[in-house]
Amino acid sequence: MQKRLIVPHALLQIMLQRLCHQLIETHGDFSKTVLIGLQPRGKFLAQRIQKQLQQITGSLVPLGFLDTTFYRDDFRRRENPIAANATSIDFIIEDRRVVLIDDVLFTGRSVRAALDAMIAFGRPAEVELLILIDRLYQRDLPIQANYVGQKVNSLASQKVLVAWQNENTAEDNIWLISKTDEV
Ligand SMILES: O=P(O)(O)OC[C@H]1O[C@H](OP(=O)(O)OP(=O)(O)O)[C@H](O)[C@@H]1O
Ligand SMILES: O=c1cc[nH]c(=O)[nH]1
């Protein structure tokens with residue numbers, strides 16, 4: 001199957017701006033707010049959100065990264081073991097307003113694992129979820145996002161791929177690909 005471009009670069013920039021403004025509308029001066037990006041791919045989005053929030057508001061909202069590997073309900077079931085990533089949270093989340101950030105929401109199992117993993121860092125006042133792509137109709141658990149870039153219809157045989165601009169990729173783009181084409 002051909003990969004299909006579902007969110008081109010220019011639209012993705014607008015989407016990021018919108019998500020930041022939605023956060024500002026809800027979080028005001030961000031005095032009690034912390035951002036937590038889910039490893040591995042939510043980290044890039046969380047860094048972008050933090051940077052753009054700073055450009056718009058002048059505030060640098062605390063940002064950490066959370067690895068959920070050992071909290072996943074399929075951890076012992078996977079044929080190929082998954083590599084763990086670093087958790088790096090150098091602030092307390094006790095009584096904070098936490099915004100969990102990830103690129104894709106599909107079954108909801110990664111977010112469920114994140115909720116478990118996060119509790120080791122304290123009891124937050126509230127937890128919200130921000131994602132770029134909400135894959136519809138595939139949720140295994142009752143988990144929904146508070147802030148959504150775009151909702152996408154897709155087949156179980158497909159995968160959403162968020163490709164961020166870097167030394168090998170000229171632009172930020174979001175693709176729908178066939179799982180069999182995954183590299
Ligand atoms: O809602 P879920 O079904 O948990 O899927 C969403 C998660 O999948 C992706 O991660 P990754 O590619 O690392 O996970 P995967 O191997 O489950 O696709 C993505 O970055 C999300 O974290
Ligand atoms: O489409 C999907 C589903 C899970 N994880 C992804 O990164 N993309």
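Would you call residue 146 more than 10 Å from ligand 1 (Cβ to nearest atom) and more than 13 Å from the chain's Cα centre (by Cα)? No.
Can you go through 130, 35, 53, 63 and tell me which one is within 16 Å of ligand 2 (Cβ to nearest atom), of a type in the set (A, V, I, L, M), closer than 21 Å to residue 13 by Cα and crowded, with 16+ Cβ neighbours inside 10 Å?
Details: 35 fails: within 16 Å of ligand 2 (Cβ to nearest atom); 53 fails: within 16 Å of ligand 2 (Cβ to nearest atom); 63 fails: within 16 Å of ligand 2 (Cβ to nearest atom).
After ruling out the rest, the residue left standing is 130.
Okay, residues lined up against (1) within 13 Å of ligand 1 (Cβ to nearest atom); (2) closer than 24 Å to residue 14 by Cβ; (3) surrounded by 13 or more Cβ atoms within 10 Å (Cβ to Cβ):
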residue: 136; (1), (2), (3): yes, yes, no
residue: 139; (1), (2), (3): yes, no, yes
residue: 142; (1), (2), (3): yes, no, no
residue: 154; (1), (2), (3): yes, yes, yes
residue: 160; (1), (2), (3): yes, yes, yes
residue: 166; (1), (2), (3): no, yes, no
residue: 171; (1), (2), (3): no, yes, no
residue: 175; (1), (2), (3): no, yes, yes
residue: 182; (1), (2), (3): yes, no, no
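Among residues of the range 119-130 being in contact with a strand residue (DSSP E or B) (Cβ under 9 Å, 6 or more places away or on another chain) and over 18 Å from residue 142 (Cα atoms), the one that is farthest from ligand 1 (Cβ to nearest atom) is 125.
Of all residues in the range 83-113, those being within 12 Å of ligand 1 (Cβ to nearest atom), touching a residue at least 24 places away in the same chain (Cβ under 8 Å) and either more than 11 Å from the chain's Cα centre (by Cα) or open to solvent by 40 Å² or more (accessible area, probe 1.4 Å) (or both) number 8.
The values are calculated or read from the model by the stated rules, or taken from the named source; none is laboratory data. Only a predicted model underlies this, so the values are computations on that prediction, with no experimental measurement involved. Note that each Cβ is placed from the backbone with ideal geometry, even for glycine, and that neighbours are counted across all protein chains shown. Accessible surface is based on the protein model in full, side chains and every heavy atom, while ligands, DNA and RNA are left aside. Shrake-Rupley method; radii C 1.70, N 1.55, O 1.52, S 1.80 Å.
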